[in-house]
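A short write-up of the structure that comes next.
Derivation of every value follows stated rules applied to the coordinates shown; laboratory data play no part. Fair warning: this is a prediction, and the values are worked out from it, not measured in the lab. Every residue, glycine among them, receives a Cβ derived from its backbone with ideal geometry; neighbour counts consider all protein chains shown.
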Amino acid sequence: MRIALAQLNPLVGDLVGNAARLLQASAEAVIEAASGEPLLMVTPELSLWGYPARDLLLRPSLIALQNRLLDQLTSDLQRQAPQVSLLVGIAEPTGSRTVPNLYNALVLVEAGGWRVVYRKQLLPSYDVFDERRYFVAGLAPAVLQWPPAGGLRLGLTICEDLWVDADLAGQRLAGPDPIAELKDAGIDLLLNLSASPFGLGKLVLRRQLATRAAARLGAPVVYVNQVGGNDELVFDGASFLIQPDGALATQLTCCREEVVSLAWPPHGNATAQAVARLEPPDELEQLFRALVLGVADYARKCGFNQALLGLSGGIDSALVAVLAAAALGADQVTTLLLPSPWSSEGSISDATALAQRLGLATQILPIAPLMQAFDHSLAAVLGGAPSGLAAENLQSRIRGTLLMALANQQGQLLLATGNKSELAVGYCTLYGDMNGGLAVIGDLYKTTVFALCAWLDGQAACACRSELGLPPDGELIGAAIRHKPPSAELRPDQKDSDSLPDYAVLDPVLKALIEAHQSPEQLVADGVDPALAERVMGLLRSAEFKRRQAPPVLKVSRRAFGSGWRMPIAAR
């Protein structure tokens, strides 16, 4: 017999397209197996819907369509691959008139029909997850005998059901321990069908959780994760099979759709295709690949083929330009330089040189005439030209308006280039540099931007760059951009350090406040200057109204400014 790990990239809500991809993947697994043995294909959580489906789950018409498609899948398997069985994630109606009225469930789809075989027991409703809005928790473990006559005893779990080791994960949901419930069931293999978003450190953590579960059960663990970008979330795949002794038997690729068929029991400690990739890429490569995937899928799934961004000569827009080129292809990315009287010649030449290195189309549109026109128009109302912060923000809004106009006219996705540090403290302009359809690096602190750009320009990134269609040799960002003091260039000789602490000082404080939920008092107890702690906390609070109006932010950290950030605006 054989087991196929189908690491798929669904389009949320496209049940017809996702069903077709499931059937195609089963055909790929059969071809790879090159045998007529019974084959079980394991797919990610809610694989027929894509995760997270959010309020699409509330549409009765889609629930009805789901059941028709499951019937169709059984017919298609009967004709095309009768030896294949599919484990598919669905939303199963409870039959009750109370809400929620769905289970997050698994069905076994075979040539002879389909049936529900498991219901998820632990429903996450923290951070970006909101499963208790839609689902009722299952109440019992499940063991599937496959094939029915003398086959394997398969323990079934869905995503959070595996995250029961608080010592490793740092927390766990209240409720049953699905792994403990399966301990005395005598299973041969544990399957975990997952939709776990990317986060730095999560690839290693998932392996640790699976290793602990395998040791507790005395059985191997197959972990199959969704891949692809869905709105703000990026799913990295990186599915694997791990043995009870912790040995990794196979590892699928990070951030790429893939279907791998395994003979069971597996021969040796690693399949041939996995030998060279048992260890995950280093964290900066993981981060880069996840951001590229997030941009590519956000554009593709929202119907965009091309992107536009403003190129300032600074490090943030330079990084976004590289990510866009890797995600969409350099020929599909346009950059616009919008210099003001305060823009340095170095910034213009640095931006132009970057565009040339990447092969990006570039235009220059000076904004000085528009600044003068706005000053003239506002002088009649204000009694003089705007000054100070109002004048600086006006420059940003002129740029934002021009970028939006071009993107609208040319059918492009406008990419915002601000980072997490700026978004956290409000060092950004509503309807200006915050304009765009996607905030690509809005979950990267400025110090992380520096680190990622240094990695990109280093030798270690060459293979990754070449694979993603970027120039494999030489600098991409460039030393001139990487070592330039950060500046918005909205007034003569302006530096970010005029308004903010140095980012090496600011970012650890922000990370403690945002991701560790620490208070200023706790920071002070840990040695942070009291004035700095209070100032940064004040800036974080006062910028909340801006963050509510920001474009979607690709999530790569433990806590991003998106659906998992639910802070009030009017609060103390």
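Before moving on, here are some points about what is shown:
- Taken over region 1-136, the convex hull of the Cα atoms encloses 104 Å³ per residue.
- The relative contact order of region 289-495 comes to 24 percent, based on Cα pairs under 8 Å that sit 6 or more residues apart.
- Column: log10 I(q)/I(0), Debye, Cα scatterers of region 2-280, q = 0.13, 0.14 Å⁻¹: -0.81, -0.96
- Helix 388-410 and the longest principal axis of the Cα set of the chain meet at an angle near 50°.
- Volume per residue of the convex hull around the Cα atoms, evaluated for region 93-139, comes out as 78 Å³.
- Percent RCO, i.e. relative contact order, over region 67-153, from Cα pairs under 8 Å lying at least 6 residues apart: 23 percent
- Dimensions of the chain based on its C-alpha atoms, expressed as ranges along the principal axes with the largest first, amount to 86, 50, 46 Å.
- Note on region 79-182: Kirkwood radius taken over Cα pairs, Stokes-Einstein applied at 25 °C and 0.890 mPa s, translational D equal to 162 µm² s⁻¹.
- Distance from the alpha carbon centroid of region 29-60 to that of region 325-376 works out to 44 angstrom.
- Counting charges near residue 359 (Lys, Arg +1; Asp, Glu -1) among other residues having Cβ under 15 Å from its Cβ returns a value of -1.
- Coarse-grained scattering of region 11-65 at q = 0.16 Å⁻¹, given as base-10 log I(q)/I(0) from a Debye sum over alpha-carbon atoms: -0.56
- For region 434-572, taking Cα atoms only, Rg and Dmax work out to 17.4, 51 Å respectively.
- For region 208-257: relative contact order, % (alpha-carbon pairs under 8 angstrom, 6 or more apart): 35 percent
- Over 32 Å between alpha carbons, listed pairs 120/301; 495/546; 301/546; 183/511: 183/511
- Beta bridge orientation in the chain: antiparallel %, DSSP, nearest 5: 55 percent
- Taking the C-alpha atoms of region 379-456, convex hull volume expressed per residue in Å³: 112 Å³
- Compared with the dominant Cα axis of the chain, that is its longest principal axis, helix 530-542 is turned about 80°.
- Rounded D (µm²/s) - region 289-495, Kirkwood Rh over Cα pairs, Stokes-Einstein at 25 °C, 0.890 mPa s: 141 µm²/s
- Over all other residues within a Cβ to Cβ distance under 13 Å of residue 322, the charged ones net out to +1, with Lys and Arg as +1 and Asp and Glu as -1.
- 0 to 90° range, to nearest 10: angle between helix 345-358 axis and the chain longest Cα axis: 30 degrees
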